[in-house]
Amino acid sequence: MIAVRTVRRVLPLAAGTAVLLGAALPADAANRNIAIGNFQWSVQDVQIDLNEKVTWHWVGPDTQHSVGPVAGNTSGIDSDPGTAAPDHPPGFTFTGQFTRPGVYDFVCKLHGIVRGRVTVSPNPGRPEAPSPDPVPVVNVDRRAPELTQARWARGPVLRRARGTLRFELDERARIVLDVEKLVRGRWRLAGTRTFDGFVGYNDYAFSGVLRKARLKPGRYRALLVAADADNNRSGDVVVPFTVR
């Protein structure tokens, strides 16, 4: 048996993208594409002919899975030999070529419910023919939240360093607010705040107190970063202000 491990570069997709399952086979078998995600194979009973291939695609959101032989499986196909803790990036692929007819059962080393069977007929296969299955797509959110329209609600001049910071989000996210002060021509960190942001317009009441002290008069800038549940992060959004 022949096994090939690869990592494909995949394009960012929005959260909730559906996994494309294996298409119905024609009358004769063919090479197969199988998605691994949501703790299952997209097709649990795979039918191929002699010398044909199965390519497994780790689509997520769960990716700590392997394709390993159970007792009695003599295919020699194992996506993660030598490790008891498989973990692959979304988009990882592994291909096995089956050169002997038979029934081969596989199971994940970490999750016994992630399992499937490959049945290989003695009929001569077409290992170079394209698979009738669509290539599965990743089911992982890779898009960073968008933080826009950031501004001070009553203008950038803050009395006693207090003000309302207004911004808009396109998804729920954790906000990191760094405040920097301009000192002798260089920006220096004055303090940090973190808080939850919600879809739509947000108003954050900035108290002007950082590190247990109120900001003194001077030139400042607020740097906002939004991070979603999948740790996708927006770029810094800079909102300057002056304390008087």
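Full extension of the chain between A129 and R159 gives 3.6 nm of extra length, using 0.36 nm per residue less the Cα-Cα distance.
Scanning residues 5 or more positions from A35 or on other chains, those with amide H under 5 Å from its amide H are G22, S42, V43, H57, with H placed 1.01 Å from N in the peptide plane. Hey, if you drop one equal point scatterer on each alpha-carbon of the stretch 91-222 and run the Debye formula without solvent, what base-10 log of I(q)/I(0) do you get at q = 0.09, 0.18 Å⁻¹? Rounded to two decimals, the profile gives -0.55, -1.09. Charge tally for D228 (other residues, Cβ to Cβ under 13 Å; Lys, Arg +1; Asp, Glu -1): -1. Taking a straight Cα-Cα cut-off under 22 Å and skipping sequence neighbours fewer than 8 places away in the same chain, the lysines within cross-link reach of K212 are K181. By the count of other C-beta atoms within 10 Å, a proxy for reagent exposure, E180, E128, E52 are ordered fewest to most as E128, E180, E52.
Qualifying trypsin sites (Lys or Arg not before Pro) in the stretch 165-227, where qualification requires a DSSP coil assignment and no more than 12 other C-beta atoms within 10 Å, comprise R184, R211, K212.
Between R186 and V238, the FRET efficiency estimated from the beta carbon spacing at R0 = 22 angstrom works out to 0.90.
Taking the DSSP beta bridges with both ends in the chain, the antiparallel portion is around 80 percent.
The per residue volume of the convex hull around the alpha-carbon atoms of the chain is 160 Å³.
Only Lys, Arg, Asp and Glu carry charge here, each on its Cβ (+1 for the first two, -1 for the last two); on that basis the chain has a dipole of about 2640 debye about its Cα centre.
A short reminder: the numbers here are calculations on the coordinates, not readings from a lab. Model, not experiment: these values are computed from the prediction. We place every Cβ from the backbone using ideal geometry, glycine too, and count neighbours over all the protein chains shown.
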